Amino acid sequence: MTSKKTGAVPRHIAVIMDGNGRWAKRRLLPRLAGHKQGVESLRRCARACVERGVQVLTVFAFSSENWNRPQEEVSGLMSLLATALAKEVSQLSRDGVRLYFVGDRSSLSEKVRHGLAQAEQQTAHNTRLILNICFNYGGRWDIAQAAEKLAAQGVAITPESLDKAMALAHVPDPDLLIRTGGEMRISNFLLWQAAYSEMYFSASLWPDFDEAELDLAIGAFNGRERRFGQTSEQIQQPSTPTVTA
Ligand code: IPE
Ligand code: IPE
Ligand code: MG
């Protein structure tokens, strides 16, 4: 998409859902209470994306580095994933959401893996919104697994072949990448796919990120000029011939 300021809704929004722990801490609650509230916030965000005509929502739920958290929090997050699946999938499906789980499943328990596969199957016919949940995901892992796959197949490693082997090959690259919680870093999220994503940083903690905040992010996106390496003049007069060599 090379258009600017069209008022169009981004086709693909990616979100680093950060700030659950601080949300809980401010209320003198255990960190897991923040993660639970984070699930509510994700449900609200997914519905808002459906209503606004966003086609793909990709969220960062658990990073490859989050295993290094206290064991109690890690096991709490694993249980929360299982509970959320059991509780949320039917409603998400009724809302027209198709779920994909993106990340390294090999270190997840058999029970969790089964739950993920079942949720994907149960929602496979839905077409209103693709919801990619990145769980045990890392951008470096993704690039490495793609390269490994190509090497095993004897396929030359090029930007195009890697692109097709990446974990998000089933969707276009994110147009808008939102990080909540105030930090301005990528924390090993979509290192490859975010090459030309518009970045938006919100100071709101993820459990507080509501429809109004989403609209602010979309509004900011609409004010950006996406140039993809071209000049502003070329974007404004798309008929200008492009010299390629
Ligand atoms: C993001 O919230 C969710 C996960 C990483 C699982 P945090 O748990 O990182 O919340 P803060 O950053 O400590 O507030
Ligand atoms: C990024 O948040 C991962 C998720 C939101 C799942 P972190 O809280 O783990 O990131 P850092 O440690 O602040 O960079
Ligand atoms: Mg954090």
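The values are calculated or read from the model by the stated rules, or taken from the named source; none is laboratory data. All values reported here derive from a predicted model rather than from experimental measurement. Reconstructed Cβ throughout: ideal geometry from the backbone, glycine too, with neighbour counts over all protein chains shown. Side chains included, ligands, DNA and RNA excluded: accessible areas come from the protein's heavy atoms. Shrake-Rupley method; radii C 1.70, N 1.55, O 1.52, S 1.80 Å.
Restricting attention to region 158-184, which residues are under 26 Å from ALA147 (Cβ atoms) and either in contact with a strand residue (DSSP E or B) (Cβ under 9 Å, 6 or more places away or on another chain) or part of a strand (DSSP E or B) (or both)?
Within region 158-184, ALA167, LEU168, HIS170, VAL171, PRO172, ASP173, PRO174, ASP175, LEU177 qualify.
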Handout entry: Failed criterion for SER202 (all others in (1) surrounded by fewer than 17 Cβ atoms within 10 Å (Cβ to Cβ); (2) farther than 19 Å from VAL56 by Cα hold)
Key = (1)
Practice task
Go through region 174-199 residue by residue and tally those that are open to solvent by 40 Å² or more (accessible area, probe 1.4 Å), hydroxyl-bearing (Ser, Thr, Tyr) and closer than 24 Å to GLY229 by Cα.
Solution key: 1
Practice task
Being out of contact with any Lys or Arg (no Cβ under 7 Å at 6 or more places or on another chain) and open to solvent by 40 Å² or more (accessible area, probe 1.4 Å) is the filter here, so list the residues in region 220-232 that pass it.
Solution key: ARG224, ARG227, PHE228, GLY229, GLN230, THR231
Handout entry: Close pairs (8 angstrom Cβ cut-off, 6 or more residues apart or separate chains): touching a residue at least 40 places away in the same chain (Cβ under 8 Å) and farther than 18 Å from ARG52 by Cβ in region 76-98, aliphatic (A, V, I, L, M) and in a helix (DSSP H, G or I) anywhere
Key = GLY76/LEU32; LEU77/LEU32; LEU80/LEU32; LEU80/VAL39; LEU81/VAL112; ALA84/VAL39; GLU88/VAL39
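If you go through region 60-71, how many residues are more than 27 Å from ASP173 (Cα to Cα) and in contact (Cβ under 8 Å) with a residue 24 or more places away in the chain?
Going through region 60-71 one residue at a time, the tally reaches 0.
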Practice task
Run LEU57 past the list (1) open to solvent by less than 40 Å² (accessible area, probe 1.4 Å); (2) within 16 Å of ligand 3 (Cβ to nearest atom); (3) in contact (Cβ under 8 Å) with a residue 12 or more places away in the chain; (4) within 24 Å of TRP141 (Cα to Cα) and report the number of the one that doesn't hold.
Solution key: (2)
